[in-house]
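Asker: Got a structure for you, questions after.
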Amino acid sequence: VQLQASGGGVVQPGGSLRLSCVDSIGALSSYVMAWYRQAPGMQRTFVALITSRGSTTYANSVKGRFAISRDNAKDTVYLQMNSLKPEDSAVYYCNAHDGPTNRNYWGLGTQVTVSS
């Protein structure tokens, strides 16, 4: 698994961004995929996850604003972020979890900055 996240940037409060995470090796379809974020000086925290069957879970702070999805044919997972707030500013990381081996894989993060 080699994860590559993209789509970050600078956006005004209330704006939207869509993050993408691609597995360049092409093994993503069987993994539980998740997004985490880490603000400066803070611990990395859970944002959202999606199972191989498409079930989703969200952190309370993003519920109703963010949507995680996956396209297994493209080995890609997305995070649609709407109604962004300054407190959403962080580096966002893509994570792949392999259930049978309990291994976790991380990609390099992508910076999201919400500022007026």
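Asker: With the convex hull built on the Cα atoms of the stretch 1-63, state its orientation-averaged projected area in nm².
Answerer: Result: a mean projected hull area of 5.4 nm².
Asker: Report the gain in length on full extension from Ser29 to Lys85: 0.36 nm times residue separation, minus Cα-Cα distance, nm rounded to one decimal.
Answerer: 17.1 nm
Asker: Something else now. Once the other residues with Cβ under 9 Å from the Cβ of Val91 are scored (Lys, Arg +1; Asp, Glu -1), what is the net sum?
Answerer: Here the count lands on +2.
Asker: A further question on this structure: Around Ser89, which amide H atoms from residues at least 5 apart in sequence, or from another chain, sit under 5 Å from its own amide H, with H modelled in the peptide plane?
Answerer: Distant-sequence amide H within range of Ser89: Val114.
Asker: Say R0 is 25 Å: what FRET efficiency, to the nearest 0.05, do Thr113 and Ser52 get from their beta-carbon distance?
Answerer: 0.20
Asker: Could you give the C-alpha radius of gyration of the chain expressed as a fraction of 2.2 N^0.38 Å, taking N as the number of residues it contains?
Answerer: 1.00
Asker: Here's another thing I want to ask about it. Would you mind putting 11-24, 47-60 in packing order, based on average other-beta-carbon counts within 10 Å, highest first? Before the final figure, lay out each step's value.
Answerer: On the way: 11-24: 16.7, 47-60: 14.9.
Descending packing order for the listed peptides: 11-24, 47-60.
Asker: Per q in 0.13, 0.17, 0.23 1/Å, what log10 I(q)/I(0) does a Debye calculation on the alpha-carbon atoms of the stretch 61-116 return?
Answerer: -0.43, -0.70, -1.07
Asker: Which whole-number percent is the relative contact order of the stretch 1-97 (Cα, under 8 Å, 6+ apart)?
Answerer: Relative contact order here is 36 percent.
Every number here is computed from the coordinates shown, using simple stated rules; none is lab data. In this text the structure is predicted, and so the values were computed from the model without any measurement. Reconstructed Cβ throughout: ideal geometry from the backbone, glycine too, with neighbour counts over all protein chains shown.
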